[in-house]
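Have a look at the structure below, then the notes.
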Amino acid sequence: MAASTLGSAWAPLRLGVPGLCSRRPPQGLWVRARRLPEPAGSGRSVAAASGPDASGTDRYCLELLRKRDYEGYLCSLLLPAESRSSAFALRAFNVELAQVKDSVSEKTIGLMRIQFWKKTVDDIYCDNPPHQPVAIELWKAVRRHNLTKRWLMKIIDEREKNLDDKPYRNIQELEDYGENTQSSLLYLTLEILGIKDLHADHAASHIGKAQGIVTCLRATPYHGSRRRVFLPMDVCVLHGVSQEDFLRKSQDKNVRDVVYDVASQAHLHLKHARSFHKSVPVKAFPAFLQTVALEDYLKKIQKVDFDIFHPSLQQKNALLPLSLYIQSWRKRY
């Protein structure tokens, strides 16, 4: 089976923490969710932009993340207090765009929603956000941290391309998707943290690509239930696998070999990102905590011999909050 060919390529995976059971479990992560700091003033009245209940907009973003991007929600809780509300806004913006594709029945309607966000970003940079919770919070983040508009537009443009419902032609296209969405999100998170560093940018690029690849793998069972397959066609052709093999949830060796090849690419990007560890400012590490969740998935899929439809891969990791907290405490990513 595919697992027999792992060799050294997968050897560096290591999520476990020695002596973990002997440590007293930290309590802070869950407490923080209930008492986030109020966002700092941005120069323009928040009440004027968001109506009589200004605090409702940041609660909206927090709840949207908790329900739709739980891992991003947990990672954002571990950012410095003064950066959290902006990170919530940024990730809520990403969630709003990501769910367009699955919430519409016609591409035309999806394009209209994408157009709304394009205009919203333009209006935000003209200091005139629409009365929409995520837009208001994103406007405050842009004002507070002088966020680069280009990264926001890259995310929108890639989500627009993704409405076509076509499989990725090759692994490069899948990596481009990760770069334009997840890496752009990380570049903006670094700006929120006040970090301008070439090594941090390189690490963010690789982590974003790994995130894009893992997201595609994790979503494969869901997409299959809707008779869609988005895994790179060149890898499928290489192993003689058709889309129908994935639709009927085949567990043949060649299907697992496709998954192994794609997952290996994500693992390599994580390895590259960590090779910058000594050069990246420690202040940037909280932005990269999602590597914990990525590595957790890659370890689990390796454990089930790259059976992408194994039920264990769809289960939440109840220890993820603890793993994130410990990684943050150890100042690693």
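The values are calculated or read from the model by the stated rules, or taken from the named source; none is laboratory data. Quantities reported herein were computed from a predicted structural model and do not represent experimental measurements. Positions of Cβ are backbone-derived with ideal geometry, glycine not excepted, and every protein chain shown enters the neighbour counts. All accessible areas refer to the heavy atoms of the entire protein, side chains included, with ligands and DNA or RNA removed. Shrake-Rupley method; radii C 1.70, N 1.55, O 1.52, S 1.80 Å.
Structural remarks
- Residues satisfying the stated conditions in the stretch 248-266, i.e. out of contact with any Gly (no Cβ under 6 Å at 6 or more places or on another chain) and open to solvent by 10 Å² or more (accessible area, probe 1.4 Å): Arg248, Lys249, Gln251, Asp252, Lys253, Arg256, Asp257, Tyr260, Asp261, Ser264, Gln265
- Residues (at negative phi, at pLDDT 95 or above, assigned to a loop (DSSP other than H, G, I, E, B) and not acidic (Asp, Glu)) located in the stretch 166-219: Tyr168, Arg169, Asn170, Leu193, Ile195, Lys196
- When the stretch 94-103 is filtered for residues that are closer than 19 Å to Pro130 by Cβ, under 14 Å from the mean Cα position of the chain (by Cα) and in a helix (DSSP H, G or I), the ones remaining, listed by number, are Asn94, Val95, Glu96, Leu97.
- Answer residue from the stretch 62-81, given it is touching a residue at least 60 places away in the same chain (Cβ under 8 Å) and assigned to a helix (DSSP H, G or I) and is surrounded by the most Cβ atoms within 10 Å (Cβ to Cβ) among those: Cys75
- Checking Leu147 against (1) part of a loop (DSSP other than H, G, I, E, B); (2) surrounded by fewer than 17 Cβ atoms within 10 Å (Cβ to Cβ); (3) touching a helix residue (DSSP H, G or I) at 6+ places or on another chain (Cβ under 9 Å), the condition it does not meet: (2)
- Lone unmet requirement of (1) in contact with a Lys or Arg (Cβ under 6 Å, 6 or more places away or on another chain); (2) within 24 Å of Gly224 (Cβ to Cβ); (3) of a type outside the set (Val, Ile, Thr) for Phe285: (2)
- Any hit, the stretch 82-89, residues being in contact with a helix residue (DSSP H, G or I) (Cβ under 6 Å, 6 or more places away or on another chain), without any contact (Cβ under 8 Å) to a residue 60 or more places away in the chain and farther than 26 Å from Ile326 by Cα: no
- Complete set of residues in the stretch 154-165 that are surrounded by fewer than 16 Cβ atoms within 10 Å (Cβ to Cβ) and in contact (Cβ under 8 Å) with a residue 24 or more places away in the chain: Asp164, Asp165
- Yes/no for Ala219 being surrounded by 19 or more Cβ atoms within 10 Å (Cβ to Cβ), small (Gly, Ala, Ser) and within 20 Å of the chain's Cα centre (by Cα): no
- Failed criterion for Phe288 (all others in (1) surrounded by 14 or more Cβ atoms within 10 Å (Cβ to Cβ); (2) over 17 Å from Ile213 (Cβ atoms) hold): (2)
- Residue within the stretch 282-303 that is under 30 Å from Ile192 (Cα atoms), of a type in the set (D, E, K, R) and at pLDDT below 95 present: no
- Test: residue in the stretch 198-209 that is among the aliphatic types (A, V, I, L, M) and under 13 Å from the mean Cα position of the chain (by Cα): yes
- Per this entry, Arg91 is counted among residues that are closer than 16 Å to Leu190 by Cα and either in a helix (DSSP H, G or I) or open to solvent by less than 10 Å² (accessible area, probe 1.4 Å) (or both).
- Only one of the listed residues (Arg66, Arg44, Arg23) is at pLDDT below 50 and farther than 17 Å from Ala135 by Cα. That residue is Arg23.
- Of the listed requirements (1) more than 19 Å from Leu62 (Cα to Cα); (2) open to solvent by less than 40 Å² (accessible area, probe 1.4 Å), Trp139 misses just one: (1).
- Count of the stretch 96-136 residues which are aliphatic (A, V, I, L, M), within 23 Å of Tyr187 (Cβ to Cβ) and open to solvent by 10 Å² or more (accessible area, probe 1.4 Å): 1
- Phe230 vs. criteria closer than 25 Å to Ile195 by Cβ, in contact with a Phe, Trp or Tyr (Cβ under 8 Å, 6 or more places away or on another chain), in contact (Cβ under 8 Å) with a residue 12 or more places away in the chain and among the aromatic types (Phe, Trp, Tyr): no
- Count of the stretch 318-329 residues which are touching a residue at least 24 places away in the same chain (Cβ under 8 Å) and either among the aliphatic types (A, V, I, L, M) or surrounded by fewer than 16 Cβ atoms within 10 Å (Cβ to Cβ) (or both): 5
- Candidate set: the stretch 212-234, residues that are in contact with a Ser or Thr (Cβ under 9 Å, 6 or more places away or on another chain) and of a type in the set (A, V, I, L, M); chosen: the one farthest from Gln99 (Cα to Cα): Leu231
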